[in-house]
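The values are calculated or read from the model by the stated rules, or taken from the named source; none is laboratory data. From a predicted model like this one, the values you see are computed outputs, not experimental measurements. Note: ideal-geometry Cβ built from the backbone for every residue, glycine included; neighbour counts use all protein chains shown.
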Amino acid sequence: MLTIPVMGTIAELGPTRLRSLDGLRGLAALVVVIHHAVLMSPLYSASTSNLFAAGFWSSAISILKGTPLRLMISGQSAVIVFFIISGFVLALTLERVERWNYRPYIIKRVCRIYLPFVVSILAAAALWSLLRPAPSTEVSDWMNMGWPANQLTGWSLFNHLAMTGVEEWLNNPMWSLVHEMRISIVFPLIAWSVRQRPRLALAVFFIVWVASLVVIDFVADPFLFSLLGTTRTAFFFAIGAAIFFNLDRIRLLTQSVPKVGLIAAIGVAWLLLMAPAAPKFSPFVLVGATILVVLTATDPMVRGVFEMRIAAWLGRVSYSLYLTHVIVFNVVVSLLAGRLSYAGLVTVALVSSLIVAEMAYRLIEEPTMRLGRRLALRPLAPTVVS
């Protein structure tokens, strides 16, 4: 059995700080849902972020795109926040054990991430086969290019379940889960390198990240494109791990900053997180996401915001919400398009997504997490040598 010593000890994190990060993850998941709800609108492509354009203030979508409210629909930024939090939490998981081995770790990760994902894909495939959705003028091309524009085959289902990154139309938020699962497999090495040689490790991950941003436009093969995305995403996990391993020093630093400085930092993070969803703007988003995670983990004022009851509930169901909301959107559009306007469709879709998230958490996510804990505790059968 592969075992390695624990990577070190730091001050134990209290539950309050973890609750605040869960709350941040929950609100980030809600941002992704709102982002997709807005993308559903047939008016999205005709809207503008130019405050001085004709009709700007008469368009709700334009106001969302062109004012500080843009943060509410900054879905790509929210996903980067997810990745940094995942790096932080996985580093915490590794740090808390006295003796670590790979088997229980990967069992828990597979049960935590992959098993609910499999259920979502199988459910999406069954619903697509049942509904056979057609394009609708009540929603955008983005929505119509999903379920209505594709055909489900055995090979397509395999590509989804195998997380090849080649196809994701059944449940398009899965693109980030592909990266999450791949990086989870090698994360202990990422955490070890950041713990042992932080400057060198972060420099290497940074160089790989920059290189991937440079070459991404020249990669046509979808599988290679997906792998490139995973190598780029590893940098976000490394940053999360680095925040965790240096948390005591970071906390001392934030405590020494006057309140006006912290408020200014929040404002800077807000502005950076509103950057457009394009690779050339990702450095700005990364800085903003890092500031937000650091403040959420260390500053009492910011922690209080993300520990509110609604944030706590969203944090609890965040994975289920992220995993199921586009499936719910597709079902609502398939059943009600032509009967309801876009406003009616999006209202039903949002409410239904929150209800389904709670149900999926109780019926799928919680049981698979319990399964992971049980399997991780089960010892390997002894090997008999004859």
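Structure values in brief
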| quantity | calculated |
| --- | --- |
| Test for W155: is it modelled with pLDDT of 95 or more and part of a loop (DSSP other than H, G, I, E, B) | no |
| Residue match in segment 127-145 (condition: surrounded by 17 or more Cβ atoms within 10 Å (Cβ to Cβ), farther than 30 Å from S41 by Cα, over 25 Å from the mean Cα position of the chain (by Cα) and in contact (Cβ under 8 Å) with a residue 24 or more places away in the chain) | no |
| Criterion: hydroxyl-bearing (S, T, Y) and touching a strand residue (DSSP E or B) at 6+ places or on another chain (Cβ under 9 Å) - qualifying residue of T290, T347, T296 | T347 |
| Matching residues, segment 139-198, being among the acidic types (D, E) and either within 23 Å of A123 (Cα to Cα) or touching a Gly at 6+ places or on another chain (Cβ under 7 Å) (or both) | E167, E168, E180 |
| Close pairs (7 angstrom Cβ cut-off, 6 or more residues apart or separate chains): in contact (Cβ under 8 Å) with a residue 12 or more places away in the chain in segment 189-202, β-branched (V, I, T) anywhere | A201/V194; L202/V194 |
| Among residues of segment 203-214, those that are in contact (Cβ under 8 Å) with a residue 24 or more places away in the chain and of a type in the set (V, I, T), counted | 1 |
| From A343, A277, A297, residue being more than 24 Å from L18 (Cβ to Cβ), at pLDDT below 95 and part of a helix (DSSP H, G or I) | A343 |
| So E138, is it charged (D, E, K, R) and at pLDDT 95 or above | no |
| Filter result (surrounded by fewer than 19 Cβ atoms within 10 Å (Cβ to Cβ), touching a residue at least 24 places away in the same chain (Cβ under 8 Å) and either in contact with a Leu (Cβ under 6 Å, 6 or more places away or on another chain) or more than 16 Å from V89 (Cα to Cα) (or both)) within segment 230-252 | T230, I250, R251 |
| Some residue of segment 178-194 being among the charged types (D, E, K, R) and more than 22 Å from L335 (Cα to Cα) | yes |
| Test for V348: is it buried (at least 21 other Cβ atoms within 10 Å of the Cβ) and closer than 22 Å to M145 by Cα | no |
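Residue-wise test of (1) modelled with pLDDT under 85; (2) under 30 Å from F244 (Cβ atoms).
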residue	(1), (2)
E12	yes, yes
R19	no, yes
R25	no, yes
W57	yes, no
G66	yes, no
R70	no, yes
